[in-house]
Amino acid sequence: MMNDWQGMNLISTHICKTRDVGNHGNLFGGVMLSWLDEAGAALAAEFAETGKIVTKHISALDFQRAVRPGQLIKIYGRISHLGRTSLKIEIEARRHSVYNGTQKPVCNCEMAFVRIDGDGEAVPIAPHIRDKIKNGEKNENS
């Protein structure tokens, strides 16, 4: 599978379960945040070619639609900026209809991740990683 790092790519899919909902029957916001953080970290780790990456920032998050038990949530993301030790990801959760294939946005945000060393200190992202964005290369290992 080819991965265009600057285009929106599917990162993960989740099913909203009854254990994930609150008193009003909608998905807990904290569950969605957890899914977004995990998906963002996976994309950042894959792109930066390291498992040593941590969440630094999650922007404001506005929920546009409710999610109910049994609904599928697909999380998409793209690399929006590459810094010396960090990268930013635009991430979006969409409610996917299994009946007709349509998708409707649920929420989106921007997340920042930092590459760290064994002591938890920020370290530079490898130079060859920068080339993935500069040259618009596609990754064959995704």
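The values are calculated or read from the model by the stated rules, or taken from the named source; none is laboratory data. Bear in mind the structure is a predicted one, so any value in this text is a computation, not a measurement. So basically every Cβ, Gly included, is an ideal-geometry build from the backbone, and we count neighbours across all protein chains shown.
Some points to look at:
- In the set (1) more than 16 Å from V106 (Cβ to Cβ); (2) β-branched (V, I, T); (3) in contact with an Asp or Glu (Cβ under 8 Å, 6 or more places away or on another chain), I53 fails one condition alone, (3).
Okay, residues lined up against (1) of a type outside the set (A, V, I, L, M); (2) touching a Ser or Thr at 6+ places or on another chain (Cβ under 6 Å); (3) farther than 30 Å from D131 by Cα:
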site: K17; (1), (2), (3): yes, no, yes
site: G29; (1), (2), (3): yes, no, yes
site: E38; (1), (2), (3): yes, no, no
site: A41; (1), (2), (3): no, no, no
site: A44; (1), (2), (3): no, no, no
site: K52; (1), (2), (3): yes, no, no
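- All told, S97 meets the bar of being loosely packed, with under 14 Cβ neighbours inside 10 Å, at pLDDT below 95 and among the polar types (S, T, N, Q).
- Filtered by the rule that a residue be in contact (Cβ under 8 Å) with a residue 24 or more places away in the chain, part of a loop (DSSP other than H, G, I, E, B) and surrounded by 13 or more Cβ atoms within 10 Å (Cβ to Cβ), the stretch 13-46 gives C16, N26.
- Scanning the stretch 47-79 for residues that are among the polar types (S, T, N, Q) and not in a strand (DSSP E or B) turns up T50, S59, Q64, Q71.
- If the condition is being within 18 Å of S80 (Cβ to Cβ), at pLDDT below 95 and small (G, A, S), then the stretch 3-47 contributes only G7.
- On the stretch given as the stretch 80-98, residues that are part of a strand (DSSP E or B) and out of contact with any Pro (no Cβ under 9 Å at 6 or more places or on another chain) total 10.
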